[in-house]
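The values are calculated or read from the model by the stated rules, or taken from the named source; none is laboratory data. What you are looking at is a predicted structure, and each value in this text was computed from that prediction instead of being measured. A quick note on method: Cβ atoms are made from the backbone with ideal geometry, for glycine too, and the neighbour counts reach across all protein chains shown.
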Amino acid sequence: MLTHLAIGGLGIVILVVGGEFLVRGSASLARSMGISTLVVGLTVVAFGTSAPELAVSVLAAFADSGTLAFGNIFGSNMANIGLIIGLSAVLHPLPIGHVVIRRELPMMLLALAAALVMAFDIELGEQRDAYARGDGLVLLLFFIVFIYYTLGDLGRQRENHRLKTNGGESADKPHPWTKDVPQSDERGSLLLNLAMIAVGLVGLTYGADLVVHGGVGIARELGVPEVVVGLSLVAIGTSLPELAATLVAVRRNDIALAVGGVVGSNIFNTLLITGAAATIRPMPIPAGGHIDLAATAILSLSLFFVARTHNQRIIRYEGLALLVLWAVYVSARSLYL
């Protein structure tokens with residue numbers, strides 16, 4: 001038991017350090033290209049902080065621990081909303097940008113709706129509920145569509161930034177994401193950024209391997225279902241990079257980066273990570289998994305609605321409500337389900 005705890009704890013530490021290196025290097029590299037903080041959050045930070053979930057879930061799929069992957073993915077989505085957004089809003093009210101409300105939050109809900117529909121196979125005549133390889137491929141196709149439109153916005157921003165830098169004016173109407181572009185003194189060294197990204201990727205890969213082995217070992221020794229370990233210990237551990245990045249962004253009053261990173265991370269988790277894990281090996285829906293999906297949907301809808309209130313700001317008591325809702329569910333799931 002102690003050995004598995006030590007292995008899992010070491011893996012989580014390495015994951016956090018690796019995620020920090022990846023986020024810092026990637027964000028600095030992206031900012032030097034003239035991309036605003038919101039887009040950095042929705043793309044670079046979202047992918048960087050989702051890398052632990054991706055590594056853990058893919059390795060769990062290869063190890064035939066699909067229930068651990070399931071718990072990690074949707075447990076991380078719940079932690080992103082309840083723990084990270086909730087705690088951040090308690091510390092500092094979070095203004096939500098119009099673009100996030102109009103496009104990114106609905107996209108997050110659509111991704112989750114697709115995952116919900118795919119989780120009910122018995123009702124369609126199948127022998128068991130699972131994310132089959134076909135489901136995984138469909139989710140990956142949805143992810144490609146999301147990336148296509150996001151990169152299209154990045155291209156327009158980059159062109160506007162290039163024209164402004166060269167003293168010209170863009171013929172396009174200014175894009176709402178082109179404001180708040182960091183100045184040149186924040187760009188940093190290209191080689192340093194690339195080195196940080198490389199170190200981060202290595203740390204995430206190795207740390208994820210340790211977390212999978214430690215989590216599976218703990219579950220087997222205690223007789224605890226792997227999905228519960230995934231929903232609690234592993235999900236919180238792999239969400240720590242998002243938590244660290246978000247709290248740092250809130251402290252710096254860079255709210256767009258914080259919110260964009262969380263929403264983008266949930267989209268990545270649902271489409272990319274679930275799709276990749278299911279494509280590698282069909283992912284069975286564990287006992288209580290439909291309840292986990294319902295809880296994820298309730299938290300996601302709650303975020304969608306509170307983001308539209310109080311002049312598009314999540315205030316402290318709304319953040320506290322999200323935090324309590326998440327904590328109560330995870331505690332009940334661990335103890336009783």
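Restricting attention to the stretch 295-337, report how many residues are of a type in the set (Gly, Ala, Ser), touching a residue at least 40 places away in the same chain (Cβ under 8 Å) and more than 19 Å from residue 88 (Cα to Cα).
Start the filter on the stretch 295-337 by keeping residues that are of a type in the set (Gly, Ala, Ser), which leaves 295, 297, 300, 302, 307, 319, 321, 327, 331-332, 334.
After this cut, where a residue has to be touching a residue at least 40 places away in the same chain (Cβ under 8 Å) as well, the list is 295, 297, 300, 302, 307, 319, 321, 327, 334.
Filter once more, so that each one left must be more than 19 Å from residue 88 (Cα to Cα): 295, 297, 334.
Selection size over the stretch 295-337: 3.
Please work out if residue 180 is surrounded by fewer than 20 Cβ atoms within 10 Å (Cβ to Cβ), at pLDDT below 75 and more than 20 Å from residue 46 (Cβ to Cβ). Steps first, please.
Numbers: surrounded by fewer than 20 Cβ atoms within 10 Å (Cβ to Cβ): yes; at pLDDT below 75: yes; more than 20 Å from residue 46 (Cβ to Cβ): no.
Answer is no for this residue.
From the list 217, 261, which residue is under 29 Å from residue 335 (Cα atoms), of a type outside the set (Asp, Glu), crowded, with 17+ Cβ neighbours inside 10 Å and at pLDDT 75 or above?
On the way: 261 fails: under 29 Å from residue 335 (Cα atoms).
Going through 217, 261 in turn, just one is under 29 Å from residue 335 (Cα atoms), of a type outside the set (Asp, Glu), crowded, with 17+ Cβ neighbours inside 10 Å and at pLDDT 75 or above: 217.
Need the failing condition index for residue 297 against (1) closer than 30 Å to residue 128 by Cβ; (2) surrounded by fewer than 20 Cβ atoms within 10 Å (Cβ to Cβ); (3) more than 16 Å from the chain's Cα centre (by Cα), just the number.
Among (1) closer than 30 Å to residue 128 by Cβ; (2) surrounded by fewer than 20 Cβ atoms within 10 Å (Cβ to Cβ); (3) more than 16 Å from the chain's Cα centre (by Cα), residue 297 violates only (3).
Across the stretch 74-96, what is the total count of residues that are in contact with a strand residue (DSSP E or B) (Cβ under 9 Å, 6 or more places away or on another chain) and in a helix (DSSP H, G or I)?
4
Consider the stretch 97-147. How many of its residues are assigned to a helix (DSSP H, G or I), small (Gly, Ala, Ser) and closer than 20 Å to residue 296 by Cα? Step through it out loud before you land on a result.
Here is the first cut: in the stretch 97-147, the residues assigned to a helix (DSSP H, G or I) are 98-118, 122-124, 133-147.
Subsequent filtering for residues that are small (Gly, Ala, Ser) retains 111, 113-115, 134, 136.
Adding the requirement that they be closer than 20 Å to residue 296 by Cα leaves 111, 113-115, 136.
Count: 5.
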